[in-house]
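The values are calculated or read from the model by the stated rules, or taken from the named source; none is laboratory data. Quick caveat: nothing in here was measured; it's all calculated off a predicted structure. For neighbour counting, all protein chains shown are included, and Cβ atoms are generated from backbone atoms with ideal geometry for every residue, glycine included. We work out accessible area using only protein heavy atoms, side chains counted, and drop any ligands, DNA or RNA first. Shrake-Rupley method; radii C 1.70, N 1.55, O 1.52, S 1.80 Å.
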Amino acid sequence: MPSDARASQSVLTIDLGAIAANYRAMRERVAPRADCAAVVKADAYGLGAVRVAPALARAGCRIFFVAQLGEAVALRSAVADADIYVLNGLLHGEEKEYRRLRLIPVLNDLGQIALWQKARNGDQKLPAAIHFDTGMSRLGLSPHEADTLAAEPQRLDGIDLRYVISHLACADETNHPLNREQLRRFAAIRARFPHSKGSFANSSGVCLGSDYHFDLVRPGCALYGINPTPEWPNPMRTVVRLDVPILQIREIDRPASVGYGATHHVTGKTRVATVAVGYADGWLRAFSNRGTAIAAGVRVPFIGRVSMDLVTLDVTSVPALHVGDMVALMDEQLDVDTVATTAGTIGYEILTGLGARYHRHYVGDPTA
Ligand SMILES: *Cc1c(COP(=O)(O)O)cnc(C)c1O
């Protein structure tokens with residue numbers, strides 16, 4: 001138990017050494033041709049960007065991507081020298097803040113390009129990336145806007161175009177035909193802006209092979225232990241473990257129901273452990289009556305509905321448990337992808353949903 005945690009508090013343990021090792025593994029896959037950034041949006045997928053980013057920097061990462069300007073502002077003091085790109089782009093009125101903190105916008109349409117061009121002050125070019133939509137229909141210049149930009153290159157005067165980027169829609173499905181199609185479209189865009197570098201692949205994109213790497217890859221989930229190749233065993237190291245304390249153990253010896261809605265019934269002798277985690281902590285209500293935890297090394301099933309602050313486990317098979325003992329909800333055996341599947345979701349949603357009430361305990365040496 002970390003000394004600053006309360007005995008009744010759930011503990012999220014984050015292995016910074018494993019994050020750094022996962023970063024190095026991604027970098028080695030793309031070296032020496034491509035460089036490796038780290039995506040630390042959504043507070044480093046819920047794990048704490050101001051702790052995770054410096055660990056990645058110590059592992060050699062110099063380029064970070066976040067989604068929002070506010071995230072970039074918070075990150076700047078944690079990684080003073082790094083390049084910080086903001087994927088959601090540049091909105092009116094934000095130019096000053098970008099310049100003041102040397103943040104780099106990922107420009108998503110011709111209007112944003114014009115706005116950044118106007119924000120120039122003196123002769124120094126302003127750094128930017130430009131996002132081209134190659135099949136997501138989400139962010140980035142449309143094919144029509146890409147034609148306009150290529151035909152009117154003066155629109156880029158005063159802009160130091162570091163990267164043209166795009167994003168894969170189906171990279172986690174190796175054989176999805178859209179992967180090759182997006183690759184073809186992105187290669188065509190690169191040919192029109194030959195003086196800037198290209199960045200295309202997320203974690204799963206890295207695993208699609210070197211055709212997809214270009215000059216810079218942008219892994220996020222793999223750094224945090226999510227499997228970037230769901231069709232194969234997870235090549236990444238486990239990063240997160242979640243331990244929750246038992247608040248009460250109830251010995252039931254007659255038929256009874258458990259939890260809201262009386263959705264679970266016990267008929268005979270049963271031990272029920274109530275533990276301190278609920279949907280307010282991101283332990284989704286979809287976990288009601290589903291999945292298992294590990295108590296004293298034994299797999300025990302969740303029973304009853306998940307409530308806001310509590311869930312219940314059938315620990316009849318583990319007589320030695322006591323109030324105050326910790327039960328593991330995620331660890332090496334019970335990885336985030338397995339847990340996510342139980343609730344019909346993906347590891348990204350589980351990690352980014354982990355709430356504010358956990359004691360976040362950082363372990364591991366990012367330089368080891
Ligand atoms: C989130 C994101 C990434 C990282 O994706 P992962 O699947 O987590 O590796 C990369 N690029 C863009 C544009 C993103 O939005």
Check: How much net charge surrounds residue 296 when only other residues with a Cβ under 15 Å from its Cβ are counted (Lys, Arg +1; Asp, Glu -1)?
Finding: -2
Check: For the stretch 257-268, in order, what is each residue's ³J(HN,Hα) by Karplus, 6.51 cos²θ - 1.76 cosθ + 1.60 with θ = phi - 60°, in whole Hz (x at glycine and Pro)?
Finding: 10, 10, x, 4, x, 6, 7, 10, 10, 10, 10, x
Notebook entry, point to check: With every protein chain left in place, what is the accessible area of residue 325 in Å² (1.4 Å probe, nearest 10)?
Noted result: 50 Å²
Margin query: Taking θ = phi - 60°, what integer Hz values does the Karplus form 6.51 cos²θ - 1.76 cosθ + 1.60 yield along the stretch 237-247, in sequence order, with x for Gly and Pro?
Written below: 7, 5, 10, 10, 10, 10, 10, 10, x, 7, 8
Notebook entry, point to check: Where the centroid of each part is defined by its Cα atoms, how far is the stretch 57-136 from the stretch 264-317 in Å?
Noted result: 44 Å
Note to self: If amide hydrogens are placed 1.01 Å from N in the peptide plane, which non-local residues have theirs closer than 5 Å to the one on residue 292?
What the structure shows: 302
Checklist line | Where the Cα pairs of the stretch 297-368 fall when distances are cut into 10 Å bins, in % | finding: 14, 42, 36, 8, 1
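Based on Cβ point charges of +1 for Lys and Arg and -1 for Asp and Glu, what charge dipole magnitude is obtained for the chain about its Cα centre, in debye rounded to the nearest 20?
Computed about the Cα centre, the dipole is about 280 debye.
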Check: So if we plug the beta-carbon distance of residue 187 and residue 68 into 1/(1 + (r/R0)^6) with R0 = 22 Å, what FRET efficiency do we get, rounded to 0.05?
Finding: 0.15
Next item on the list: Return the sequence-ordered ³J(HN,Hα) values of the stretch 189-201 in whole Hz as given by the Karplus equation 6.51 cos²θ - 1.76 cosθ + 1.60 applied to θ = phi - 60°, using x for Gly and Pro.
Entry: 5, 4, 5, 7, 10, x, 8, 10, 7, x, 9, 9, 8
Check: Taking Cα atoms, how many degrees apart are the long axis of helix 49-58 and the longest axis of the chain, rounded to 10 and kept between 0 and 90?
Finding: 60 degrees
Note to self: For the chain, what does the accessible surface come to per residue with a 1.4 Å probe? Please give it in Å².
What the structure shows: 45 Å²
Note to self: Computing the accessible area with a 1.4 Å probe over protein heavy atoms, can you report the carbon and sulfur percentage for the stretch 123-174?
What the structure shows: 45 percent
Check: Want the number for residue 322 to residue 289: 0.36 nm per residue separation, take away the alpha-carbon distance, what's left?
Finding: 9.7 nm
Margin query: Would you calculate the convex hull of the Cα atoms in the stretch 120-274 and tell me its volume per residue in Å³?
Written below: 228 Å³
Check: Say a paramagnetic label sat at a point 7 Å from the Cα of residue 157, along Cα to Cβ; which residues of the stretch 92-125 have their backbone N under 17 Å from it?
Finding: 113-125
